[in-house]
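Asks: Sharing a structure with you now.
Since every read-out is calculated from the coordinates, none of them should be taken as a lab result. As the structure is a computational prediction, the values presented were derived from the model and not from experiment. When we count neighbours, we look across all protein chains shown, and the Cβ atoms used for this are built from the backbone with ideal geometry, even at glycine.
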Amino acid sequence: MASVQIREAKEEDCGDILRLIRELAEYEKLSDQVKISEEGPRLVGYGLYYFIYSTWKGRSVYLEDIYVMPEYQGQGIGSKIIKKVAEVALEAGCTQFRLMVLDWNKRAVDLYKVLGAHDLTEAEGWHAFCFEGQAMKALAGR
Ligand code: ACO
């Protein structure tokens with residue numbers, strides 16, 4: 001038998017406990033009776049950024065990812081994350097923050113534009129390039 005630890009529950013166990021409550025209710029064929037939901041703080045989105053350097057603009061922030069869980073989208077959370085990244089960038093002495101988005105992602109494109117970003121591909125014709133895998137090894141002579 002696998003080693004199992006019996007311990008008191010902690011606050012961060014709430015999500016797992018709710019899952020077990022639902023499994024039990026399903027076993028008991030009474031799932032429709034479970035009306036509780038997980039309350040309290042929960043991570044529903046994130047923005048992942050790092051610092052880069054532009055020879056023209058100096059220290060800059062690059063927003064690699066931004067994501068808000070589908071059921072929380074459209075409530076202003078993504079805008080708040082982007083505003084926070086702008087604050088971080090300004091506090092760190094940056095004059096800009098950059099990101100890339102897929103051309104079909106119209107919702108995200110529209111959001112960035114509404115918030116004041118300009119499209120460098122449209123305005124200046126930039127293309128994103130990447131060396132990776134075999135191409136990178138070949139360049140490095142390996
Ligand atoms: N549902 C409704 N409106 C959306 C949505 C959505 N799924 N996505 C973007 N919008 C637009 C709408 O025009 C809306 O404007 P409105 O409020 O005037 O109606 C506005 O953006 C919504 O703004 P927020 O509520 O602040 O944004 P949200 O919390 O939905 O976050 C985000 C936006 C991050 C794009 C989110 O929709 C998401 O996670 N989408 C899926 C993943 C994704 O596309 N990530 C960006 C990839 S690019 C990158 O990572 C750099």
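Asks: Of the DSSP beta bridges with both residues in segment 11-139, give the percent that are antiparallel, rounding to the nearest 5. Could you put the intermediate results ahead of the total?
Replies: Numbers: 10 of 13 bridges.
Of those bridges, close to 75 percent are antiparallel.
Asks: Here is a further query. Would you mind classifying segment 73-129 by shape? Square roots of the alpha carbon gyration tensor eigenvalues, ordered a ≥ b ≥ c; an a/c under 1.5 is rounded, otherwise it is prolate if a/b is larger than b/c and oblate if not. All intermediate terms of the calculation are to be shown ahead of the outcome.
Replies: Working: a/c = 2.32, a/b = 1.15, b/c = 2.02.
Since a/c reaches 1.5 but b/c is at least a/b, the shape of segment 73-129 is classed as oblate.
Asks: Which whole-number percent is the relative contact order of segment 1-129 (Cα, under 8 Å, 6+ apart)? Working shown, then result.
Replies: Numbers: 102 pairs, mean separation 21.2, N = 129.
This gives 16 percent for segment 1-129.
Asks: For a quick size check, give me the Cα extents of segment 11-139 along its three principal axes, largest first, whole Å.
Replies: Projected onto its principal axes, the Cα set of segment 11-139 covers 64, 39, 28 Å.
Asks: Using DSSP to call loops (not H, G, I, E or B), can you name the trypsin sites (Lys or Arg not before Pro) in segment 1-83 whose Cβ has at most 13 other Cβ atoms within 10 angstrom? Walk me through the intermediate numbers first.
Replies: Working: sites: R7, K10, R19, R22, K29, K35, R42, K57, R59, K80, K83; in loops: R7, K10, K29, K35, R42, K57.
Counting only loop positions with at most 13 other Cβ atoms within 10 Å, the trypsin sites (Lys or Arg not before Pro) in segment 1-83 are R7, K10, K29, K35, R42, K57.
Asks: Continuing with this model, one more query. Name the residue from G45, V61, Q134 whose Cα lies farthest towards the positive end of the charge dipole of segment 11-139, charges +1 on Cβ of Lys and Arg and -1 on Cβ of Asp and Glu.
Replies: Going by the Cα projections, it comes out as V61.
Asks: Provide, for segment 11-139, the number of lysine pairs with alpha carbons under 26 Å apart, each pair being eight or more places apart or on different chains.
Replies: 10
Asks: Tell me what the chain gives for mean residue ellipticity at 222 nm when only DSSP H runs of n ≥ 4 count, each as -39,500 (n - 2.57), the sum divided by the residue total, rounded to 500 deg cm²/dmol.
Replies: Values: 5 runs with 50 residues, N = 142.
One gets -10500 deg cm²/dmol as the mean residue ellipticity at 222 nm.
Asks: Please arrange F129, F97, F51 by how many other C-beta atoms lie within 10 Å of their C-beta, fewest to most. Don't skip to the answer; put the middle values down first.
Replies: Details: F129 5, F97 20, F51 13.
Taking fewest neighbouring Cβ atoms as first place, the list is F129, F51, F97.
Asks: Something else about it: So which GluC sites (Glu not before Pro) in segment 13-102 are both in a DSSP loop and have at most 15 other Cβ atoms within 10 Å of their Cβ? Present the calculation step by step, with values, prior to reporting the outcome.
Replies: Numbers: sites: E23, E26, E28, E38, E39, E64, E71, E87, E91; in loops: E28, E38, E39.
Of the GluC sites (Glu not before Pro), the ones in loops of segment 13-102 whose Cβ has at most 15 other Cβ atoms within 10 Å are E28, E38, E39.
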